[in-house]
Amino acid sequence: MAVLLFERSNHALDVNPPAGHQHLSVHGSDWLWAVTAVFLLATLVYFALSFFARSGERIFHYLFTIGLLVGTIAYYAMAADLAFRVISQSNQTHKGDRQIFWPKYVYWVVSFPVLILALGLPSGISWTTIFYQITLSWVWVISYLVAAFTRTNYKWGFFAFGTFAWILLALSTLRDGFSGARRVGIGRDISLLSGWVNFLWLLYPIAWGVSDGGNRIGVTRSFIFFGILDILLLPVIAFAVLPMSRRWDYGRLNLAFTQYGRVNAPQGTFPEKSHPTSSAAGAGTGVGTGAGMGAGAPGTGVTTAAPATTTGGVAGEPVP
């Protein structure tokens with residue numbers, strides 16, 4: 001009974017047979033199912049925690065829930081031995097062709113911008129800088145994707161382009177993010193988060209170079225490498241941001257999203273939180289003059305009527 005209760009079997013490779021000389025093994029699929037479970041659990045927990053967050057302070061819950069959900073889908077596809085192409089290799093050719101799985105690249109296209117937004121929004125850097133960083137992350141990942149599907153040594157040209165984009169991204173996140181965060185009083189938190197992210201990002205080119213690029217390690221070992229990096233990156237950062245963000249002043253950081261969007265108001269004030277009559281009180285007051293002509297008493301000629309006064313920019317009756 002105990003054997004039947006605890007026995008586990010993985011039939012994914014029976015249903016979806018692997019292809020190529022270097023392909024995913026059963027143990028590799030088991031590892032990918034474990035990573036899928038980690039991402040799924042993190043997604044559910046993070047989504048549940050969004051119901052306990054204060055209104056207007058759910059930006060990080062939304063961002064990380066999206067990234068974790070996409071990670072769950074990507075690892076599910078790879079654990080089931082789906083979404084791959086068999087590519088002949090120009091390095092280590094005696095090992096034969098290789099299974100190249102593209103869902104991990106799709107996941108990085110989503111997760112890296114999530115991390116950039118999570119670091120950039122509280123730092124107070126401009127939207128232009130955030131867009132610049134997100135675009136660099138896309139150039140990095142897409143260059144690696146194209147390189148992985150290139151059958152000749154010209155793949156290393158794409159690898160060089162992508163790595164250069166990563167260097168620019170790292171410099172921007174470390175320099176611009178820290179300087180902006182220091183101005184709003186969260187320099188220590190952003191430094192820790194950004195340092196962790198960039199340390200792990202440093203390992204991605206190495207992992208790619210020995211797996212999909214250089215063909216040095218097999219498919220299963222490469223998934224162990226990338227799986228550890230992906231778990232340590234997005235899920236760890238997601239649950240590290242939660243306790244930190246509770247200490248942050250969303251008004252000062254300009255992160256308290258309202259029905260008017262991300263309002264840039266001093267001291268964290270927002271229009272719908274003001275008194276209903278405050279808008280009327282804010283209306284400008286003006287003074288206008290009106291001249292009238294009247295008939296004087298006989299023999300006195302022409303006289304002028306008293307000036308008319310206005311209040312609030314609306315003409316009033318002449319003052320006698």
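The values are calculated or read from the model by the stated rules, or taken from the named source; none is laboratory data. These numbers were taken from a predicted model, which means no experiment stands behind them. With ideal geometry, Cβ positions are generated from the backbone for all residues, glycine too; neighbour counts draw on all protein chains shown. The area values use the complete protein model at the heavy-atom level, side chains included, leaving out ligands, DNA and RNA. Shrake-Rupley method; radii C 1.70, N 1.55, O 1.52, S 1.80 Å.
Summary table below
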quantity	calculated
FRET E, pair Phe161, Ala37, Förster distance 25 Å, beta-carbon r, rounded to 0.05	0.10
R0 of 30 Å, Cβ-Cβ distance Ile206-Glu57: FRET efficiency to nearest 0.05	0.20
Rough spin-label spacing in nm, given labels placed 7 Å along Cα→Cβ, for Tyr154 and Ala48	5.2 nm
The stretch 1-144 - accessible surface per residue (Å², probe 1.4 Å)	49 Å²
Loop-resident sites, the stretch 170-201, for chymotrypsin sites (Phe, Trp or Tyr not before Pro), counting at most 12 other Cβ within 10 Å (DSSP)	none
Label-point separation, Ser179 to Ala83 (7 Å along Cα→Cβ), nm	3.8 nm
Portion, in percent, of the accessible area of the stretch 1-159 that falls on carbon or sulfur, probe 1.4 Å	72 percent
The stretch 145-159 - phi-based ³J(HN,Hα) in whole Hz, Karplus 6.51/-1.76/1.60, Gly and Pro as x	5, 4, 4, 5, 9, 8, 8, 10, 5, 5, 4, 6, x, 5, 4
Accessible surface ranking that places the most exposed of Phe159, Phe225 first, with a 1.4 angstrom probe	Phe225, Phe159
Karplus (6.51, -1.76, 1.60) ³J(HN,Hα), θ = phi - 60°, over the stretch 16-23, in Hz, Gly and Pro reported as x	10, x, x, 9, x, 5, 9, 9
